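Read the structure below first, then the notes.
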Amino acid sequence: MLKGGRSFKEYNVSSWITRRVRDEFRRNMHEKEADKLTKLITRAQMDAGVIERQGAISKLYNKDQSVMRR
């Protein structure tokens with residue numbers, strides 16, 4: 001998911017996604033319940049798919065490289 005977040009050309013979107021993914025993993029890293037873990041994994045897989053699709057869409061529209069990425 002972090003790799004997918006870095007695939008966005010816009011710096012703000014990319015940094016928001018990577019920050020959000022890190023925060024979610026840190027929030028749930030001590031979870032022990034099996035039911036909750038399966039729900040979290042399912043949600044993470046769906047979110048990874050969304051990130052991948054949106055990253056592909058963002059590559060279709062050419063924009064100048066951000067000042068933050070130069």
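The values are calculated or read from the model by the stated rules, or taken from the named source; none is laboratory data. Computed from a prediction, not measured in an experiment: that's the story for all the values here. As a convention, Cβ positions derive from the backbone with ideal geometry for all residues, glycine included, and neighbour counts pool all protein chains shown. Remember, those area values only see protein heavy atoms, side chains included, never the ligands or the DNA or RNA. Shrake-Rupley method; radii C 1.70, N 1.55, O 1.52, S 1.80 Å.
Kindly evaluate residue 8 against the criterion of being part of a loop (DSSP other than H, G, I, E, B), out of contact with any Pro (no Cβ under 9 Å at 6 or more places or on another chain) and free of Cβ contacts under 8 Å to residues at least 60 places away in the same chain. It is true that residue 8 is part of a loop (DSSP other than H, G, I, E, B), out of contact with any Pro (no Cβ under 9 Å at 6 or more places or on another chain) and free of Cβ contacts under 8 Å to residues at least 60 places away in the same chain. Residues in the stretch 46-56 that are of a type in the set (A, V, I, L, M, F, W, C) and open to solvent by 60 Å² or more (accessible area, probe 1.4 Å) were compared, and the one that is modelled with the lowest pLDDT is 50.
Each row is one residue, and each column tells you yes or no for (1) surrounded by 10 or more Cβ atoms within 10 Å (Cβ to Cβ); (2) among the basic types (Lys, Arg); (3) modelled with pLDDT of 90 or more; (4) not in a loop (DSSP other than H, G, I, E, B).
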{"residue": "30", "(1), (2), (3), (4)": "no, no, yes, no"}
{"residue": "44", "(1), (2), (3), (4)": "yes, no, yes, yes"}
{"residue": "58", "(1), (2), (3), (4)": "yes, no, no, yes"}
{"residue": "64", "(1), (2), (3), (4)": "no, no, no, no"}
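Filtered by the rule that a residue be in contact (Cβ under 8 Å) with a residue 40 or more places away in the chain and within 17 Å of residue 8 (Cβ to Cβ), the stretch 21-54 gives 47, 48, 51, 52, 54. Count of the stretch 2-21 residues, restricted to those that are open to solvent by 80 Å² or more (accessible area, probe 1.4 Å) and within 9 Å of the chain's Cα centre (by Cα), is 5.
Here is the figure for the stretch 2-38: residues that are more than 20 Å from residue 49 (Cβ to Cβ) and not acidic (Asp, Glu) total 10.
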